[in-house]
Amino acid sequence: MASLDRFRIVGGMPLHGQVTVTGAKNSVLKLMAASLLAPGKTIIRNVPAIADVEIMAELLTRLGCTVESSLGMLTIDVPEVPDHRADYDLVRKMRASINVLGPLVARVGEAEVALPGGDAIGSRGLDFHIKGLEVLGANAHIEHGYVIAKAPKGLTGAPIDLDFPSVGATENIMTAAVLAHGVTTIDNAAREPDIVDLGEFLISMGAKIQGLGSSIITITGVEKLSPTDHTTVADRIITGTWAFAVTMAGGDISILGARPEHLELPLEKLASSGAVITSIENGIRVRMNQRPQSIDVATLPYPGFPTDLLPMVIALNSIADGHSLVTENVFESRFMFVNELIRLGAQINVDGHHASITGVNQLSGAPVEAHDIRAGAGLILAALVADGETTVDQAFHVDRGYPNFTEQLQGLGAKVTRE
């Protein structure tokens, strides 16, 4: 009944203490899908306790794998011949389900994956995924709500130019190309830390990949891969969420496990807003003792400002000193949650992919609803600084990306309960 749960927040409390960031949601789900590339037991460590991991584990189970979970570690036992069909009832719940497409085509020569669901933040078409597989020699198309790809004679390496540095397309092409015959180059590849983490995972399985973290990735196909043991990279979006939280609410927190090199631009923006950010052993410390200054932001693919932190920056600007302009360049529907912030008293005008925000001295508590993972987190951050009580419905969205969010906020001194 998690879909009926809601958060209840009483605002006005500064945050003090420490939190620990676990593995990245946007990485671990792709690692789980990539485990299909090798028969046998693959181990993934630093796994966050989030709902999306459970969904992906169920998907892998239906494909014939055995998935065991224990204390932040997954053991995935992949059969010699996995099933090749990923049905809609699971795939509709999570966008990352599409990441089984590349591994299945490469490994068993065919895949049928239902068109994915997930967050309501934009169309996010699969054209780049399909075209990439076609360049590698697969026959790929959409039929009856499924992406169907077949390559019974295997895949062949080739140069692939992406019109946009799509994270999902880069991942699916990488995981298909590692078992292709010959060399594949991906030009205009995504550069996110999650891509690097996936590449390192594949290399540990025996793949030959060069150029991770750059816009050109070169993959030389191998005949087979082996199971591996890998630790997931820290979640930079959760790190950023905590940094935004203390910048808004005030206080002093240490974020353990953080990788500040993956958040250079967001941390620079928070520093210009007034936060004091310092490096500590195994993380960062963020302090704030004043009203934040407004910050202008435009989202872009990595290393630009991440679209997943857009709700947090809009929430911050809604109570900041000054006027700001926030531009969304990745997903056309990111601003859907703005009306919920306006219910709390925010002054925001949206025009196309721009949001013009005038900070107010005080938000006021009200019932609001989360439409996606990051919007839910942004609304909770706004509630932390609102006068009175706020309820955030549809808690399950937040569960998909933030492990133990209520308990961690309570540990920092916030008045948050879940009901």
Quiz prompt | Along principal axes, Cα extents of the range 25-231, largest first, whole Å | solution = 41, 36, 32
Practice problem: Please go through the residue pairs Lys93/Lys208; Lys41/Lys131; Lys269/Lys415; Lys30/Lys224 and name each one whose alpha carbons sit more than 24 Å apart in this structure. | Solution: Lys93/Lys208; Lys41/Lys131; Lys269/Lys415
Practice problem: Between Asn317, Asn172, Asn349, find the one with the highest GNM mean-square fluctuation for the chain; connect C-alpha pairs within less than 10 Å. | Solution: Asn349
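Kindly put Glu389, Glu264 in sequence by how many other C-beta atoms sit within 10 Å of each C-beta, fewest to most.
On the way: Glu389 15, Glu264 10.
By the 10 Å Cβ count, ascending, the order reads Glu264, Glu389.
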Exercise. Using only the alpha carbons of the range 164-310, determine the length spanned along each of the three principal axes and report them from longest to shortest in whole angstroms.
Key: 59, 31, 17
Quiz item: What trypsin sites (Lys or Arg not before Pro) does the range 205-281 have in DSSP loop regions with at most 16 other beta carbons within 10 Å?
Solution: Lys224
Quiz item: What's the percent breakdown of Cα-Cα distances in the range 215-287 across 5 Å bins, shortest bin first?
Solution: 3, 14, 23, 18, 10, 7, 8, 7, 5, 4, 1
Quiz item: Taking the highest mean first, how do the peptides 58-65, 240-247 order by number of other beta carbon atoms within 10 angstrom per residue?
Solution: 240-247, 58-65
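Just from its helices, what would the mean residue ellipticity at 222 nm be for the chain, if runs of 4 or more DSSP H residues each count -39500 (n - 2.57) and the sum is divided by every residue, rounded to the nearest 500 deg cm²/dmol?
Numbers: 14 runs with 129 residues, N = 419.
Helix contribution divided over all residues of the chain: -9000 deg cm²/dmol.
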Self-check item: Cα-Cα P(r), the range 79-174, percent of pairs per 10 Å interval
Solution: 17, 52, 28, 3
Quiz item: If we restrict to alpha carbons, what Rg and Dmax does the range 161-209 come to, in Å?
Solution: 10.3, 29
Practice problem: Please state the charge dipole magnitude for the range 1-82, taken about the Cα centre, from unit charges on C-beta atoms (+1 on K and R, -1 on D and E), reported in debye and rounded to the nearest 20. | Solution: 280 debye
Practice problem: Report the normalised scattering of the range 338-406 as log10 I(q)/I(0) at q = 0.12, 0.25 Å⁻¹, calculated by the Debye formula with identical scatterers on the alpha carbons. | Solution: -0.31, -1.11
Quiz item: Hey, how many Å between the Cα centroid of the range 272-324 and the Cα centroid of the range 328-371?
Solution: 16 Å
Quiz item: For Cα extents along the principal axes in Å, the choices are (i) 60, 53, 47; (ii) 64, 44, 41; (iii) 73, 48, 37; which was calculated from the structure?
Solution: (ii)
Quiz item: Which order results if Glu261, Glu268 are arranged by neighbouring Cβ count within 10 Å, fewest first?
Solution: Glu261, Glu268
Self-check item: Spatial separation of Cα centroids for the range 179-210 and the range 16-49, in angstrom
Solution: 17 Å
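With 10 angstrom as the radius, rank Val350, Val416 by how many other C-beta atoms surround their C-beta, starting from the fewest.
On the way: Val350 18, Val416 23.
If I rank by nearby Cβ atoms, fewest first, I get Val350, Val416.
Read the figures in this text as sums done on the coordinates, not as results from a lab. Here the structure is a predicted model, which means the values were calculated and not measured. Note: ideal-geometry Cβ built from the backbone for every residue, glycine included; neighbour counts use all protein chains shown.
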